[in-house]
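Values in this text are rule-based calculations from the coordinates and carry no lab data. Worth saying up front: this structure is predicted, and the values here are computed from it rather than measured. Cβ placement follows ideal geometry from the backbone for every residue including glycine, while neighbour counts extend to all protein chains displayed.
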Amino acid sequence: MDEQTSKDLANWLEFYRELGIEDFYRRSASALGGAESGPRPAAPLPAEDERPVIEARVDAPLPRPAPPPEARPPAPPPRVTPTVAVAAPIRPPLPTFSLFETPAPKPTGRETLEQIRADLGDCRRCKLAGGRKTIVFGEGNPHAELVFVGEGPGADEDEQGLPFVGRAGRLLNRMIQAIGMKRGEVYICNVVKCRPPGNRVPEKDEIETCSPFLFRQLEAIQPRLICCLGAPAVKTVLGIKEGITRIHGQFYDYASSKALATVHPAYVLRNPREEKILREDFEKIRQFLNEK
Ligand code: URA
């Protein structure tokens, strides 16, 4: 660099220092879209539109007024792209729960499903205990707006310990999806928690022994709507003995919830023409839950 260029540069540095601009760096030729280059030979200052972009970091102080024109050095200033250092944003305090988890529900003072399950224990209260493999307590969202109550576990449920996981369960899943919900959003349980031998209908004494656990589950969840699937559920929850094909699709009161009866999915599998009933009743469920 010749003496004059060096003086010009010193003047410019001083000028920018007065503006509060302290740090300078030059973009590499590649960053400017040109070829990578080593040290450049001394060259006359480039024409205005070819001037190299010099980025400067402007630290906190605002630029002071420019010096009077006579104090300015003669050479045209290089094009400057100031990168104003913005103070790092103050982070809000981290929430105490992960944004991807459901926040912990407020305590309700009610019995929880875990407590009811613990009380049920390795139940031997009725004769169904002798033939079962697994107790099928129930599954799903403990804060569900919608609870399904079936009759009792079948072979698949007894094997897996989960309600409605066999063919009837797959139909139930499809119906749940058809009204825009996911199985995990609802709660599913049965009148009796152990499989009746040969999938027979649960007997009166079995229902009387087991149904208090169902009532406690409903009390713990307090859903907006209980959907009774099939006659034993309707009789147990609503005390209605009338034929299900006559009373299906109607809304009843159950404590602070509403309840609706529909045909059991297993019945629809045996009588495919009756799927229409199930569909119509699920549409009522959808409409009910969409009313706020
Ligand atoms: N039928 C029921 O009533 N409940 C089940 O869990 C499965 C089939």
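Observations, loosely collected:
- Exposure proxy order (Cβ contacts within 10 Å, fewest to most) of 285, 116: 116, 285
- Cα-Cα over 25 Å, subset of 182/235; 106/284; 182/284: 182/235; 106/284
- Taken one residue at a time, the phi angles of segment 116-131 give Karplus couplings (6.51, -1.76, 1.60, θ = phi - 60°) of 5, 4, 5, 5, 5, x, 8, 3, 10, 6, 9, 6, 5, 4, x, x Hz. Gly and Pro are set to x.
- Those trypsin sites (Lys or Arg not before Pro) in segment 224-273 that DSSP places in a loop and that have at most 12 other beta carbons within 10 Å: 241
- Comparing Cα centroids, segment 245-292 and segment 113-167 end up 22 angstrom apart.
- Shape of segment 209-255, Cα gyration tensor, a/c cut at 1.5: oblate
- Proxy reagent accessibility, fewest Cβ within 10 Å first, across 122, 281, 205: 122, 205, 281
- Sequentially through segment 268-282, phi angles give Karplus couplings (6.51, -1.76, 1.60; θ = phi - 60°) of 5, 5, 7, 10, x, 5, 7, 4, 4, 4, 4, 4, 4, 5, 5 Hz, Gly and Pro residues having no value and appearing as x.
- Take the Cβ atoms of residue 255 and residue 280, set R0 to 22 Å, and the FRET efficiency comes out at 0.30.
- Global form of segment 144-292, assessed from the alpha-carbon gyration tensor, a/c cut-off 1.5: rounded
- For 119, 156, 253, order by how many other beta-carbon atoms lie within 10 Å, fewest first: 253, 119, 156
- With 0.36 nm allotted per residue and the present C-alpha distance subtracted, the residue 127-residue 111 stretch has 3.1 nm of extension available.
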